[in-house]
Amino acid sequence: MPRIAYVNGRYIAHADAAVHIEDRGYQFADGVYEVCEVARGFIVDMPRHLARLNRSLTELSIDWPVTKGVLPLLLREVVRRNHVVNGLVYVQVTRGVASRDFAFPADTLSSLVITARKADPAAGAKRAETGIAVITVPENRWDRVDIKSTGLLPNVLAKQKAKEAGAQEAWFVDTDGNVKEGGSSNAWIVTREGVLVTRPAEHGILRGITRTTMFEVAASLGLKIEERGFSVAEAKAAREAFISSATTIAMPVVAIDGNPVANGHPGSITLSLRQAFFDIAEKSPA
Ligand code: PDD
């Protein structure tokens, strides 16, 4: 079954899908994106993802590529044409194609690309049984990581470093020694008292949609959340640690820089959050 991509108004075979060489996304990373989980035939938390896309576009003064109401229909159509029941749908908007000049071009239409990909939910479940390892790296990204920009080179380098160290994620650490977030996920710990701790999202991290929904999941399980910074040392000594993102949901972290978190096994609170997530998240039929 060939994969289909949506590119600027057309559905094209994935293998042939392309944008112009002077697309500003390609030249300047002048664009933004969203990744939504598709689970059991539903797009998870789509309204929240589209609201964040709107925020990213607004912050960068990039025009909507289509009428706002049309985008959910396009996401659904790409998911449907690719027969994705479990996987993800990716949407990217750039400032469009223009002759290379740093300042914004006049009268350029934004570019819109949507792709969808299948994923095996059993693989995520299996990974959650063992948990993942993370490394820590110094924060070296720009100040506006609250915008979901396609400019991800520091994230690429950090995650490559993690991979070379046999780990699955890299946590950016600020100059005070506090954990910010992962290369493509938010970071959490669970204290000895069973309280969830995650860094405030007002500044310096991406306000993850999974993170936002996790507040509701935690409430449904009667768990308390504290939004505050936590240090690498506190994380290493925590009862549990985990990451959250649309592609991982709650994924246990069992080692940090080679040191085990607690007994080095996934924590029960993380696994219960993971279990309850789908029931609480908003499910738009795909
Ligand atoms: N990344 N922080 C960063 C830097 C991210 O790139 C992501 C998501 C998150 C979690 O956000 P959410 O819960 O909305 O997925 C936090 C996506 C999955 C990616 O780039 O593939």
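The values are calculated or read from the model by the stated rules, or taken from the named source; none is laboratory data. Values in this document were obtained by computation on a predicted structure and should not be read as measured data. Heads up, the Cβs are rebuilt from the backbone with ideal geometry, glycines too, and the neighbour counts pull from every protein chain shown. These accessible areas exclude ligands, DNA and RNA; they are computed on the full protein's heavy atoms, side chains included. Shrake-Rupley method; radii C 1.70, N 1.55, O 1.52, S 1.80 Å.
From the list Arg100, Arg10, the lone residue that is over 25 Å from Ile249 (Cβ atoms), basic (Lys, Arg) and touching a helix residue (DSSP H, G or I) at 6+ places or on another chain (Cβ under 7 Å) is Arg100. Figure legend. Inter-residue proximity from region 51-62: first residues closer than 20 Å to Pro105 by Cα, second residues open to solvent by less than 60 Å² (accessible area, probe 1.4 Å) and not aliphatic (A, V, I, L, M), beta-carbon distance below 6 Å, spacing 6+ or different chains. Indicated pairs: Ser56/Lys148; Ile62/Arg95; Ile62/Ser110. For region 195-207, a tally of residues being within 19 Å of Gly267 (Cβ to Cβ) and open to solvent by less than 10 Å² (accessible area, probe 1.4 Å) returns 3.
I'd like to check which strands (runs of 3 or more DSSP E) are fully inside region 146-216 and have at least 2 residues that are away from the ligand (no atom under 13 Å from the Cβ) and within 23 Å of Ala255 (Cβ to Cβ).
Passing ranges, in order: 186-190, 196-198.
Of the residues screened, Val70 is not one that is outside any helix (DSSP H, G or I) and at pLDDT 95 or above.
Quick check on my filter: what residues within region 149-172 are more than 22 Å from Ala241 (Cα to Cα) and of a type in the set (Gly, Ala, Ser)? Those that are more than 22 Å from Ala241 (Cα to Cα) and of a type in the set (Gly, Ala, Ser): Ser149, Gly151.
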